[in-house]
Amino acid sequence: MCGIVGIVAKTPVNQSIYDALTVLQHRGQDAAGIMTIYEGNFRLRKANGLVRDVFESKHMLRLRGNIGLGHVRYPTAGSSSSAEAQPFYVNSPYGISLAHNGNLTNADELKEMLFNTARRHINTTSDSEVLLNILAHELCIKRDLELTPDAVFSAISKVHELCRGGYAAIAMIIGQGMVAFRDKYGIRPIVLGKREAADGSFEYMVASESVALDAVGFQFVRDLAPGEAVYITDEGQLFSQQCAEQPENCPCIFEYVYFARPDSKIDGISVYASRVRMGQRLGKKIAKEWADLDIDVVIPIPETSCDIALEIANNLDLPYRQGFVKNRYIGRTFIMPGQTERVKSVRRKLNAIGTEFKGKNVLLVDDSIVRGTTSNQIIEMAREAGAKKVYFASAAPEIRFPNVYGIDMPSANELIGHGRELDEICDIIGADGLIFQDLEDLEAAVRDGNTDIKNFETSVFTGHYVTGDVTQEYLEHLDKLRNDDAKADEEFFQNSSNMEMHNEGHP
Ligand SMILES: O=P(O)(O)OC[C@H]1O[C@H](OP(=O)(O)OP(=O)(O)O)[C@H](O)[C@@H]1O
Ligand SMILES: NC(=O)CC[C@H](N)C(=O)O
Ligand SMILES: [Mg+2]
């Protein structure tokens, strides 16, 4: 899940984009990039690493200009090489750069089509470079020197016709403006904000999550609707239009379960409040199904599950204790690119406080169990710390199917819930009892924040893919390409780029 941000302002945007990226860091820890336009040219800095490591003062000084884009990357297509860090850019037409969150499911076909029909070459394995070239190709067909909003929107309509999958994207066009758009199912989130400039006019910002607006002093205006595009000219004029045929609101439910920050609101739903409701519902289920269990204490697995666990404890009338301490300098485990790193990071990241476990029957709570990397080790740690019995609750149901829309779960076989029933999963993670939230309850917990949303993207639980184009053949192809072994084999290449980036220079 990447984080994206774009700002069109009256004053330099580099610091605001940097600050916004730091609060979107939880969406991608692998690479970061900022691109601005200054005196008719792009200025770019992107590299592998966290925001604080990628941008030094010398880079920030170079990133001049009042319009810019930023990206934090969690690779879910292609490789982790710095050459695939974002934003990407193309020279023609105008000079366009793009930052993308999500995954295209038909990137291979589009790549071929781009060559066959437009002789466009894609030099990386990134689906985002494909998306940028599709947009560039469509804008190229409009040959006027100045782009009208109508021409931009008709290009985005073509993008929607051609591209499948989940995408929220922001593109910047030299001498014209910035366009942000969201796929027709609204799978990936994106919000619009505004701020009053000193001269009384408005500056605009688009970002993956509302928390980014808060961080840099923009007021939330609204979420982009599924299929909608907003175009902000260099002068700061805002236009918006629905660009997709039959859009359908179907946001990714995993944003609420795990990805997004609790202080964000997505599609009118507070992520924090939805997690509290997940806790309420799961608490009720535990009370009903485990009435005879002698649980002494509820302990969360930091960090994402803390709000959920507290509510479960309230519902069960049990004490809530933060029995695991999280090392604040270690990032999120699940979005690390390889399984070896993920396994190692659990014990580096979490440590048990012995007194909270010794001689007790503990209920550990996590937001989700994906590969079982965390639950497996954490249960072992609870036992080492002296727990008598270790029960485990997951606020999301069993994850049984791959994700194809921008969450790196490409291989069914790597999912602990794939093809396994509750008892078997419980045995593998080594718990004395295991309980999952029902999908109905999870959906209701989120929907209670905005009853206009009838459906969510829940394919990891159901195997039903809303875009309707995901075949067994595609899933097998994805598995071969991106399972952990395949990625480990590519490790050497991930650390070395085919193309060095020419983004260093003098201010
Ligand atoms: O079953 P797994 O494959 O281990 O994946 C699930 C775990 O990964 C995530 O935590 P993560 O450490 O990424 O982030 P957090 O600190 O936000 O909880 C999630 O919150 C679960 O704890
Ligand atoms: N998680 C994401 O949004 C990733 C965007 C894009 N598919 C990439 O891998 O760079
Ligand atoms: Mg976690």
If you fit an axis through the alpha-carbon atoms of helix 127-141 and take the longest principal axis of the Cα set of the chain, what angle between them do you get, 0 to 90°, nearest 10? 30
Largest first and to the nearest Å, give the Cα extent of the range 349-487 along each principal axis. 52, 42, 27
So which of K142/K184; K285/K358; K265/K358; K46/K142 end up more than 28 Å apart by C-alpha? K265/K358; K46/K142
Note down, for the range 12-121, the three equivalent ellipsoid semi-axes (square root of 5 times each alpha carbon gyration tensor eigenvalue), biggest first, whole angstrom. 25, 18, 10
For the chain, what is the mean residue ellipticity at 222 nm derived from helices alone (per DSSP H run of n ≥ 4: -39500 (n - 2.57); sum divided by total residues; nearest 500 deg cm²/dmol)? -9000 deg cm²/dmol
Where the centre of each part is set by its Cα atoms, how far does the range 377-394 sit from the range 28-107, in angstrom? 42
Which residues qualify? For L415, with a placed amide H closer than 5 Å and at least 5 residues away or on another chain, they are none
If I take all pairs of Cα atoms in the range 1-72, what percentage of them are more than 16 Å from each other? 38
Projected onto the charge dipole of the range 183-251 (+1 at Lys/Arg Cβ, -1 at Asp/Glu Cβ, origin at the Cα centre), which of P251, M205, S240 gives the Cα projection farthest towards the positive end? P251
Rounded tilt (10° steps) of 373-384 against the dominant C-alpha axis of the chain: 30
Charge dipole of the range 270-337 about the Cα centre (unit charges at C-beta), most positive-ward option of Y272, P302, L318: Y272
With a ≥ b ≥ c taken as the square roots of the eigenvalues of the C-alpha gyration tensor of the range 44-189, please select rounded if a/c is under 1.5 and otherwise prolate if a/b is larger than b/c or oblate if it is not? oblate
State the volume of the convex hull built on the alpha-carbon positions of the range 342-409, expressed per residue in Å³ and rounded to an integer. 89
Could you derive backbone 3J(HN,Hα) for the range 86-93 from the dihedral phi with the Karplus parameters 6.51, -1.76 and 1.60 (θ = phi - 60°), listing whole Hz in sequence and x where the residue is Gly or Pro? 10, x, 9, 9, 10, 7, 10, x
If exposed means no more than 13 neighbouring beta carbons inside 10 Å and the site is in a DSSP loop, what's the longest run of the chain without any exposed trypsin sites (Lys or Arg not before Pro)? 144-327
Given a Förster distance of 35 Å, the FRET efficiency implied by the Cβ-Cβ spacing of Q339 and L61, rounded to the nearest 0.05, works out to 0.35
Global size of the range 69-116 as Cα Rg and Dmax, reported in angstrom: 12.0, 32
Hey, if you put +1 on the Cβ of every Lys and Arg and -1 on every Asp and Glu Cβ in the chain, which of L21, L434, V179 ends up farthest toward the positive end of that dipole? L21
Per DSSP, the loop-located GluC sites (Glu not before Pro) within the range 202-303 having at most 10 other beta carbons within 10 Å are E235, E245
Nothing charged except the Cβ atoms of Lys and Arg (+1) and of Asp and Glu (-1): what's the magnitude of the dipole of the range 56-180 about its Cα centre? Round to the nearest 20 debye. 320
Please enumerate, by chain and number, the aspartates and glutamates with C-alpha under 14 Å from the C-alpha of K349, excluding those fewer than 8 residues away in the same chain. E303, E341
Acute angle (nearest 10 degrees) that the helix 306-316 long axis makes with the longest principal axis of the chain, alpha-carbon atoms: 40
What base-10 log of the normalised intensity I(q)/I(0) is obtained for the chain from the Debye formula, alpha carbons as equal point scatterers, at q = 0.06, 0.09, 0.10 Å⁻¹? -0.27, -0.61, -0.75
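Values quoted throughout were computed directly from the atomic coordinates according to the rules given, and no laboratory measurement underlies them. Note that the structure is predicted; figures quoted are calculated from it, not measured. Every residue, glycine among them, receives a Cβ derived from its backbone with ideal geometry; neighbour counts consider all protein chains shown.
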